[in-house]
1. Return a yes/no flag: does the stretch 57-65 have any residue that is under 25 Å from residue 5 (Cβ atoms), surrounded by 12 or more Cβ atoms within 10 Å (Cβ to Cβ) and more than 16 Å from the ligand (Cβ to nearest atom).
2. Counting only residues that are farther than 30 Å from residue 151 by Cβ and either within 16 Å of the ligand (Cβ to nearest atom) or free of Cβ contacts under 8 Å to residues at least 60 places away in the same chain (or both), which one in the stretch 85-107 is surrounded by the fewest Cβ atoms within 10 Å (Cβ to Cβ)?
3. If you scan the stretch 29-51, which residues turn out to be away from the ligand (no atom under 14 Å from the Cβ) and either closer than 16 Å to residue 163 by Cα or part of a helix (DSSP H, G or I) (or both)?
4. For the condition in contact with a Lys or Arg (Cβ under 9 Å, 6 or more places away or on another chain) and closer than 25 Å to residue 118 by Cβ, what is the one hit in 69, 49, 45?
5. Quick test for you: out of 85, 109, 94, 69, pick the one residue that is of a type in the set (Asp, Glu), part of a loop (DSSP other than H, G, I, E, B) and modelled with pLDDT of 95 or more.
6. Regarding the stretch 118-130, can at least one residue be identified that is over 16 Å from the mean Cα position of the chain (by Cα), of a type in the set (Val, Ile, Thr) and part of a helix (DSSP H, G or I)?
7. Would you say residue 79 is part of a helix (DSSP H, G or I) and within 29 Å of residue 34 (Cβ to Cβ)?
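The values are calculated or read from the model by the stated rules, or taken from the named source; none is laboratory data. Because the structure is predicted, anything quoted here is derived from the model rather than measured. Heads up, the Cβs are rebuilt from the backbone with ideal geometry, glycines too, and the neighbour counts pull from every protein chain shown.
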Amino acid sequence: MISERIINIINEQINREFYSGYLYLSISAYFREIGLFGFAHRTREQAAEEMEHGMKLFSFIIDRDGKVELKQISTPKFEMGSPTEIYQKIYEHEKSITNAIMDVAKYAEEECDRTTLSFIDWYINEQVEEERNALEIIKRLKMFGEDKASLFLIDEELGKYSRS
Ligand code: OFO
């Protein structure tokens, strides 16, 4: 039997994942607006991934016979800047998501809820990848700079990203 406390924190996490989707979508729209189509593609794909993360949590609550509560999704308050600045903020955001996932694991541990622990493991591993992805882009932007030629090449590469 899954506790109310765990259901509540997972419902919060559904909201965070969909908010992440909104955040990436807003960034994607901005990149598109300024002509960085590869960056726009990469962040749009990330938005789709975040929606999938939210849906996975949604299904978990249903599978455990819990009550799904869909909370209001806030408008992303995100000041756009240079690609490096944007990716720094993305990295900070992903770290905050990792902390939230760790809280789910902590609650599950406290309650010896093995089912939730095993389920949330996937998210813990996923967050390693999400933080790494943001960091790698930051490192490349810092290494090669943000002049037009470098941005063009990084943009081309990000445009080839595929989730499969
Ligand atoms: Fe980018 O985070 Fe989902 O889990």
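1. yes
2. So, considering only residues that are farther than 30 Å from residue 151 by Cβ and either within 16 Å of the ligand (Cβ to nearest atom) or free of Cβ contacts under 8 Å to residues at least 60 places away in the same chain (or both), the one surrounded by the fewest Cβ atoms within 10 Å (Cβ to Cβ) is 99.
3. Residues satisfying the conditions are 29, 30, 31, 32, 33, 37, 38, 39, 40, 41.
4. Checking each option against the conditions leaves just 49.
5. Sole residue among the options that is of a type in the set (Asp, Glu), part of a loop (DSSP other than H, G, I, E, B) and modelled with pLDDT of 95 or more: 69.
6. No, the stretch 118-130 contains no residue that is over 16 Å from the mean Cα position of the chain (by Cα), of a type in the set (Val, Ile, Thr) and part of a helix (DSSP H, G or I).
7. no
Condition check ((1) within 17 Å of residue 19 (Cβ to Cβ); (2) not hydroxyl-bearing (Ser, Thr, Tyr)) across all residues:
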| position | (1), (2) |
| --- | --- |
| 74 | yes, no |
| 83 | no, yes |
| 87 | no, no |
| 93 | yes, yes |
| 100 | yes, yes |
| 115 | no, no |
